[in-house]
Structure formats: C-alpha cells, structure tokens
Amino acid sequence: MPEHTPAGSVLTVRYLGGPTALLEIGGVRLLADPTFDAPGEHPVGDRALTKTMGAVAAPDEIGPVDAVLLSHDQHPDNLDDGGRAYVERAPLTLSTEAAAGRLGGTVRALPNWEHVELPRPGGGALRITGVPAQHGPDGTEHLTGPVTGFVLTGDGLPATYVSGDNASLDVVREIAGRLGPFDVALLFAGAARTPLLDGDLTLGSAAAAEAAGILGARDVVPLHFEGWAHFSQGRDTLAEPFAAFSGGFHLLEPGQTVTL
C-alpha cells in the first residue's frame with residue numbers, strides 16, 4: 001500500500017451543496033455530481049424527490065472544468081436539469097456504463113478498477129480510477145441502479161477517494177485494501193432513505209466515521225448530507241461520530257472552500 005503523500009501536497013475542495021463539489025488537484029479541475037436547480041419537486045418514476053436548498057453557484061461562476069465525476073445519472077439529487085445541461089458542455093464526464101449509454105455525448109464509462117489519465121499543466125498526469133459503490137443495502141441494485149465512486153492519484157498528489165452514493169462498508173474495505181490508504185476522503189453521507197426499500201441508500205454519520213478509519217484517511221470532507229428532504233441524517237449528526245477521528249474533519253458550509 002502507498003504511504004501518505006506529504007502534507008505540502010494540495011487538493012482544494014469547494015462545497016457547492018448536496019453532492020456537488022469543485023475539486024482542484026494537480027492543476028486539474030473536476031466537478032463532482034453537478035446539481036444547479038432551484039428548490040422544488042423532481043420526479044423519479046411515479047414519485048418525486050424534494051430539493052430544499054438552491055445552488056450556491058451558477059454554472060457560469062464555476063467555469064470550465066477538465067472533467068465531471070458523475071456517480072450516476074438516474075437520480076436527480078445527483079444530476080438535476082441544470083447538471084445535465086452542464087454535462088452537455090463538459091469536455092469529458094466519467095460515470096457508469098448505464099449513464100454513458102443514456103447521456104451520450106462526451107460521457108464515458110469508467111468501469112471498476114480501470115482508469116484514465118488527464119494531463120496536468122506542469123507535466124505528469126492525474127489518474128482517475130473507477131471504484132465500486134453500492135447505493136443501498138445488499139441486493140437492492142435492481143431498485144437503485146448502478147453507481148460508481150472514484151479515486152484520484154498522481155505523483156506528489158494526495159490520494160483522494162470520492163465515494164459517490166455508497167452505503168456499504170464492505171465496499172469501503174475492498175477499496176481500502178486495493179488502493180489505500182488515502183490522504184483525503186470525500187464521503188457522501190446523509191443516510192438517504194426511500195419508501196422503496198428498508199435501509200440507508202448512503203452512509204449514515206456513524207458509518208461515515210467508520211469508513212474514514214477503514215480508509216486510513218488523513219482528512220475527511222462530507223458531501224451529500226443536506227439539501228434534499230430524503231436525508232434522514234445531516235449536519236447536526238455528523239460532528240459527534242467524528243469526535244474521536246484523529247485526522248482533519250471539514251464540515252463545510254455551502255460555498256466554503258478548504259485546501260488540504
């Protein structure tokens with residue numbers, strides 16, 4: 001397993017609300033799960049998800065990125081109408097095979113454990129590896145659909161895990177065993193719930209803290225824990241489970257940036 005990258009290496013994370021974050025690492029700009037719509041109802045089949053928080057930045061404020069990291073396209077809390085419009089203009093979006101088939105354009109499938117490399121302005125490359133994500137309890141993928149996570153690595157860069165909508169600590173253990181330890185973990189939390197099944201669709205607060213330990217993370221930034229009505233946990237439940245975490249815990253306000 002690789003050693004932790006020296007603390008002087010830099011990753012900047014700007015939290016934009018929900019699952020959406022702007023990442024800058026090694027001179028490469030990435031946008032995770034773009035969501036830009038105003039609060040309101042978003043249909044999903046014969047039901048709807050309710051967005052409760054508006055975007056804190058418009059797409060034009062974010063500007064161009066080198067790639068979008070899209071955990072999945074089938075749920076509007078990870079890709080809403082404004083996010084779809086952004087993806088249409090992006091030079092590259094990495095996601096699931098199902099998303100690439102549905103969205104087309106510059107959306108590219110990144111299968112588990114495979115990688116792509118994006119050139120860094122000063123030379124070298126940022127490697128983006130697709131990793132598993134399980135969007136709910138065991139045996140529910142036929143209801144929730146395929147999801148992916150991402151690992152970012154490169155010479156002199158902090159090894160970074162972006163979980164996507166993953167609810168399984170066994171999946172976290174597999175990723176840690178193959179690619180860990182990690183300098184930074186961006187963990188989608190919130191313990192999302194749906195009437196369709198019994199169990200969490202994403203990590204709850206205590207599970208996120210356990211995941212951080214499994215990953216050996218030096219720093220943790222929670223994402224996707226507020227802004228939608230189907231979260232059963234949120235900002236007020238995250239701090240306590242991380243009280244014993246020995247690394248840096250960064251519970252950002254919408255629009256806030258942290259440099260790690």
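The values are calculated or read from the model by the stated rules, or taken from the named source; none is laboratory data. What you are looking at is a predicted structure, and each value in this text was computed from that prediction instead of being measured. Don't worry about glycine lacking a Cβ; one is built from the backbone with ideal geometry, like all the others, and counts go over all protein chains shown.
Looking only at segment 44-63, filter to residues that are closer than 18 Å to Gly227 by Cβ and without any contact (Cβ under 8 Å) to a residue 12 or more places away in the chain; which one of those is nearest to the chain's Cα centre (by Cα)? The qualifying residue nearest to the chain's Cα centre (by Cα) is Glu61.
Scanning segment 194-207 for residues that are out of contact with any Lys or Arg (no Cβ under 9 Å at 6 or more places or on another chain) and either part of a strand (DSSP E or B) or among the hydroxyl-bearing types (Ser, Thr, Tyr) (or both) gives Thr202, Ser205. Taken over segment 215-232, the criterion of being assigned to a loop (DSSP other than H, G, I, E, B) and either touching a His at 6+ places or on another chain (Cβ under 6 Å) or over 19 Å from Asp33 (Cβ atoms) (or both) is satisfied by Gly216, Ala217, Arg218, Ser232. Number of residues in segment 1-49 that are loosely packed, with under 13 Cβ neighbours inside 10 Å and modelled with pLDDT of 85 or more equals 3. In the set (1) farther than 15 Å from Asp33 by Cα; (2) assigned to a strand (DSSP E or B); (3) within 16 Å of the chain's Cα centre (by Cα), the condition left unmet by Glu117 is number (3). Annotation note: of Asp80, Asp66, Asp60, the sole residue that is touching a strand residue (DSSP E or B) at 6+ places or on another chain (Cβ under 8 Å), closer than 20 Å to Arg29 by Cα and among the acidic types (Asp, Glu) is Asp66.
Within the set Pro76, Pro64, the sole residue that is surrounded by fewer than 23 Cβ atoms within 10 Å (Cβ to Cβ), touching a Lys or Arg at 6+ places or on another chain (Cβ under 9 Å), within 18 Å of Phe188 (Cα to Cα) and at pLDDT below 95 turns out to be Pro76.
Contact map, segment 237-250: residues that are without any contact (Cβ under 8 Å) to a residue 60 or more places away in the chain paired with residues that are in a strand (DSSP E or B) and of a type in the set (D, E, K, R), Cβ distance under 6 Å, separation 6+ or inter-chain. Pairs shown: Gly247/Asp219; Gly248/Asp219. Criterion applied to Glu253, Glu174, Glu210 was being outside any loop (DSSP other than H, G, I, E, B), touching a strand residue (DSSP E or B) at 6+ places or on another chain (Cβ under 8 Å), among the acidic types (Asp, Glu) and on the phi < 0 side of the Ramachandran plot, and the one residue passing it is Glu174. When Leu126 is tested against (1) out of contact with any Leu (no Cβ under 6 Å at 6 or more places or on another chain); (2) in a strand (DSSP E or B), just one condition goes unmet, and that condition is (1). A search for C-beta distances below 7 Å between a residue of segment 138-165 that is within 16 Å of Val116 (Cβ to Cβ) and touching a residue at least 12 places away in the same chain (Cβ under 8 Å) and any residue that is charged (D, E, K, R) and buried (at least 21 other Cβ atoms within 10 Å of the Cβ), counting only pairs 6+ apart in sequence or on different chains, returns Thr160/Asp183. If the condition is being in contact with a Gly (Cβ under 6 Å, 6 or more places away or on another chain) and surrounded by fewer than 23 Cβ atoms within 10 Å (Cβ to Cβ), then segment 200-226 contributes Gly216, Arg218, Asp219, Glu226.
Look at segment 223-235: where a residue is touching a residue at least 24 places away in the same chain (Cβ under 8 Å) and a partner is buried (at least 19 other Cβ atoms within 10 Å of the Cβ) and part of a helix (DSSP H, G or I), sitting 6+ places away or on another chain with Cβ atoms under 6 Å, you get Gln233/Ser205.
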